[in-house]
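> Structure below; questions to follow.
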Amino acid sequence: MIQQHIHISNVGNSPAICFDTGLDPRSFARTKMSQCLIEQGFMVKPDGSHKIWRAAGVDEVNGLMRVWGPLFPGKRLDFILEEIDSPNHPKTQTALDALVCWIKAKMFLGETRSAINPGASIICNEDGVFFAPEHLSNRCLYMEGAKLDRYNCPDLIGINETAFCAGLMLYKILTGLHPYPSIDIYQDMREGIFLPIHLAIPNLNEKLSGLIKAALLLPVENKKTTKNGTAILNEILVLLESKETLFEKLPEEKTKKLEKERKSHLLKQNSYVKTKRFVLRNKYLLAGIGIFLSLVLFLVLGTRRTVITTEGMTPEEVIITYYTAFSELNDELMKACIQGADKSDINAAGIFHVIVKQREFYERTTEPILYPAQEWRDNGGELPSPSAFGVTDLEIEKLTRRWDGSEEEGEIVVFSVNYSLWAPTENYEIIRNDRLMLKRDRHGNWRIIEIERTER
């Protein structure tokens with residue numbers, strides 16, 4: 001259990017709000033923490049009236065300096081939030097009532113700056129909300145180990161900052177989970193990397209779900225919500241204080257559909273985040289490797305100008321070649337198989353190819369870093385494996401053919417392709433179905449012109 005540095009304790013013979021700074025007298029003076037004695041906090045009553053709170057004194061306890069001031073009875077908001085660890089927790093309504101008090105108090109203060117961190121707020125439904133002096137409380141929360149402020153985004157200010165914090169707290173109360181559990185919390189906030197609440201709680205009131213989503217999108221540059229912080233807070237208050245139920249009964253079919261959507265979302269999001277952040281962290285190294293590989297390819301291809309094509313291949317052979325090349329990270333051969341189709345597979349193969357070359361360079365190994373997953377399985381290896389990548393269990397079914405233009409030049413064939421994809425970064429398979437459309441190019445070679453994908 002963490003040591004509480006913001007708490008209610010007796011000073012003399014009377015209870016008071018105390019702030020344990022963790023500083024000895026000399027450090028307290030050197031860091032100018034004595035200025036916190038004139039820093040103001042706020043006590044906001046349920047009717048909207050408020051008065052300023054200031055420290056009444058400072059004393060030394062066990063060799064460390066403690067600031068104290070007038071009592072405000074209640075419980076810290078961050079402790080109320082952390083008690084909720086599952087949906088439909090017995091204290092969910094208590095936490096929702098505390099959140100309503102907090103939002104109202106923030107809105108009563110308006111443009112007046114007050115501490116945003118839930119750990120700096122003490123809630124008492126009858127007496128209102130106490131907002132501790134901001135710099136003093138931040139020092140104490142840091143001493144408790146709160147190096148990351150898990151409920152606030154540093155990019156927001158004013159009412160938008162309050163709305164984001166309220167939406168995040170509401171997400172935690174209703175799901176029992178924090179929407180940004182990773183160590184890259186601020187980056188997740190800025191990029192909107194969280195499980196949408198309608199997938200976390202499928203039966204949540206649709207309007208409330210939309211408001212939480214709007215609040216969490218406030219710091220996201222390319223996903224700006226149309227609602228501002230004031231509108232979001234007002235609508236949240238209306239819903240939480242109304243008689244309207246927060247949960248709806250869903251048909252079993254819709255529940256299953258949303259569960260499938262949730263799994264798909266997590267798969268795509270995890271893949272996106274890992275790939276993008278690896279590239280961002282290693283962009284200069286990858287750029288250097290890319291230049292090196294380009295130079296090698298230029299020198300090799302300069303001696304033999306052979307152009308890779310699908311000449312002589314049937315549509316089925318083009319498809320097999322495409323997925324085999326994917327497993328072998330042969331992005332050049334993959335490019336020869338498609339014309340105008342989505343290139344996300346090619347990009348993924350290119351990234352893994354660079355990663356493999358990077359590891360080979362640093363690890364000075366002649367052993368393959370990655371094996372094609374089918375080859376790994378055929379040689380008796382068990383999947384999943386950290387050394388295997390690619391496609392297994394490939395099934396190809398011809399669906400239809402049609403003509404787009406003349407019969408000779410405009411023939412289009414459509415295939416359904418089922419397979420499993422294994423990646424070294426995951427310990428499970430991704431089941432995919434691709435609907436492929438193939439057409440002859442101007443040289444008469446079959447190439448993939450469209451890929452429609454579903455996965456689970």
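Derivation of every value follows stated rules applied to the coordinates shown; laboratory data play no part. Keep in mind the model is a prediction, meaning the values are calculated, not measured. Neighbour counts run over all protein chains shown; Cβ positions are idealised from the backbone, glycine included.
> In nm, what is the difference between 0.36 nm times the number of residues separating LEU383 and GLU316 and their Cα-Cα distance?
21.5 nm
> For the residue pair ILE157 and LYS254, what label-to-label distance in nm results when each label sits 7 Å from Cα along the Cα-to-beta-carbon direction?
Here the answer is 4.2 nm between the modelled labels.
> What is the local net charge at LEU246, summed over the other residues whose Cβ is closer than 12 Å to its Cβ (Lys, Arg +1; Asp, Glu -1)?
Around LEU246, the charge tally is -2.
> I need PHE247, PHE326 ordered by Cβ neighbour count within 10 Å, fewest first.
PHE247, PHE326
> Looking at the P(r) of the range 87-191, how many percent of alpha-carbon pairs lie beyond 24 Å?
Tail fraction, whole percent: 23.
> Need one number: nm distance between label points at LEU64 and ASN10, each 7 Å from Cα along Cα→Cβ, rounded to one decimal.
Reported label-point gap for LEU64 and ASN10 is 2.1 nm.
> A further question follows. Roughly speaking, what is the stretch gain from LYS75 to THR400, that is 0.36 nm per residue apart minus the C-alpha to C-alpha distance, in nm to one decimal?
Result for the pair: 110.3 nm of gain on full extension.
> Report the local net charge at GLY158: Lys and Arg +1, Asp and Glu -1, summed over other residues whose C-beta lies under 13 Å from its C-beta.
-1
> Extending each Cα 7 Å along its Cβ direction at ASN418 and ASP393, get the distance between those two points in nm, one decimal.
Rounded to a tenth, the inter-label distance reads 0.9 nm.
> Still on this structure, I have one more. Sum up the charges of everything whose Cβ sits under 14 Å from the Cβ of ASN205, counting Lys and Arg as +1 and Asp and Glu as -1, but leave ASN205 out.
Neighbour charge sum, excluding ASN205 itself: -1.
> A follow-up question, please. Measure up LYS223/LYS343; LYS45/LYS106; LYS213/LYS249; LYS45/LYS75 against 18 Å on the Cα-Cα distance and list the ones that go over.
LYS223/LYS343; LYS213/LYS249
> While we're here: Given 0.36 nm per residue, what is the gain on full extension from THR309 to ASP188 after removing their alpha carbon distance, in nm?
Here the answer is 39.4 nm.
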